[in-house]
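Engineer: Sharing a structure, written as structure tokens. Questions coming.
The values are calculated or read from the model by the stated rules, or taken from the named source; none is laboratory data. Because the structure is predicted, anything quoted here is derived from the model rather than measured. Methodologically, a virtual Cβ is constructed for each residue, glycine included, from the backbone with ideal geometry; neighbour enumeration extends over all protein chains shown.
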Amino acid sequence: MKALLIVDVQNDFIKGGALAVPDAESVIPVINKLMDKFEIVLATQDWHPRHSVHFEKWPVHCVAESKGAEFPPDLQREKINQVFHKGTGDRDDGYSAFEATNIKPAAYLKQRGVSKLYICGIALEFCVKSSALDALQEGFEVFLIRDAIANFSKDEQEIAREYLELEKAGAHILSSHEI
């Protein structure tokens, strides 16, 4: 069984948001099309408390219950089966989906017989990468959907290094057309 994991497609990470990732909104139509190819669609949300130490490193973003923490209106939210909240503690960065506090993702996936996890979202270098590495450690076969992932950096060499590191760890890199 396979599942799609959408990482942090939230208002604060797209154009006009508190921590906007360049061109992040461009992955939303690709993700919307991908959702139709999976029975199980999961999503993460940064869900930070207002006084998180996370904000010593980053601008204030994705504060729980705020407009910035919400999914953008053009993401087809109704197709998402389960949402995982991460970064919920005052001292919790919550980069990885597997750090979710409301539901444990590994147990949720394994209970449903998922062995293959396809990952997309925002941003490759941080939460997408952390989620992929943790998924590999949990024993899932991981597929990163390159054209459905927004990169924080626009340095092509840096992005290539990130993908190479993930491939060396065991992840497969593909495009949405290959699914």
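Engineer: For THR44, indicate whether it is among the hydroxyl-bearing types (Ser, Thr, Tyr), touching a residue at least 24 places away in the same chain (Cβ under 8 Å) and either farther than 26 Å from MET1 by Cα or part of a loop (DSSP other than H, G, I, E, B) (or both).
Structural biologist: Criteria not met by THR44.
Engineer: While we're on this one: Name the strands (runs of 3 or more DSSP E) wholly inside region 102-179 in which the number of residues that are touching a Lys or Arg at 6+ places or on another chain (Cβ under 9 Å) is 3 or more.
Structural biologist: Here the list reads 116-122, 141-150.
Engineer: When you look at ASP92, is it in a loop (DSSP other than H, G, I, E, B), charged (D, E, K, R) and either over 15 Å from the mean Cα position of the chain (by Cα) or at negative phi (or both), yes or no?
Structural biologist: So ASP92 passes the test.
Engineer: (1) modelled with pLDDT of 95 or more; (2) touching a helix residue (DSSP H, G or I) at 6+ places or on another chain (Cβ under 9 Å); (3) at negative phi; (4) not acidic (Asp, Glu): which one isn't true of GLY121, the others all being true?
Structural biologist: The one condition GLY121 does not meet is (3).
Engineer: Further, regarding this structure: Within region 83-116, restricting attention to residues that are surrounded by 17 or more Cβ atoms within 10 Å (Cβ to Cβ) and polar (S, T, N, Q), which residue is farthest from VAL41 (Cα to Cα)?
Structural biologist: Checked region 83-116; the qualifying residue farthest from VAL41 (Cα to Cα) is THR88.
Engineer: Further question: Using the structure shown, decide if HIS54 is in contact (Cβ under 8 Å) with a residue 40 or more places away in the chain and in contact with a His (Cβ under 7 Å, 6 or more places away or on another chain).
Structural biologist: In short, yes.
Engineer: Being out of contact with any strand residue (DSSP E or B) (no Cβ under 6 Å at 6 or more places or on another chain), surrounded by 15 or more Cβ atoms within 10 Å (Cβ to Cβ) and without any contact (Cβ under 8 Å) to a residue 12 or more places away in the chain is true for just one of ALA20, ALA64. Which residue is that?
Structural biologist: Going through ALA20, ALA64 in turn, just one is out of contact with any strand residue (DSSP E or B) (no Cβ under 6 Å at 6 or more places or on another chain), surrounded by 15 or more Cβ atoms within 10 Å (Cβ to Cβ) and without any contact (Cβ under 8 Å) to a residue 12 or more places away in the chain: ALA20.
Engineer: Ok, one more. Kindly check whether there is at least one residue in region 171-179 that is in contact (Cβ under 8 Å) with a residue 60 or more places away in the chain and surrounded by 22 or more Cβ atoms within 10 Å (Cβ to Cβ).
Structural biologist: Checking region 171-179: not a single residue is in contact (Cβ under 8 Å) with a residue 60 or more places away in the chain and surrounded by 22 or more Cβ atoms within 10 Å (Cβ to Cβ).
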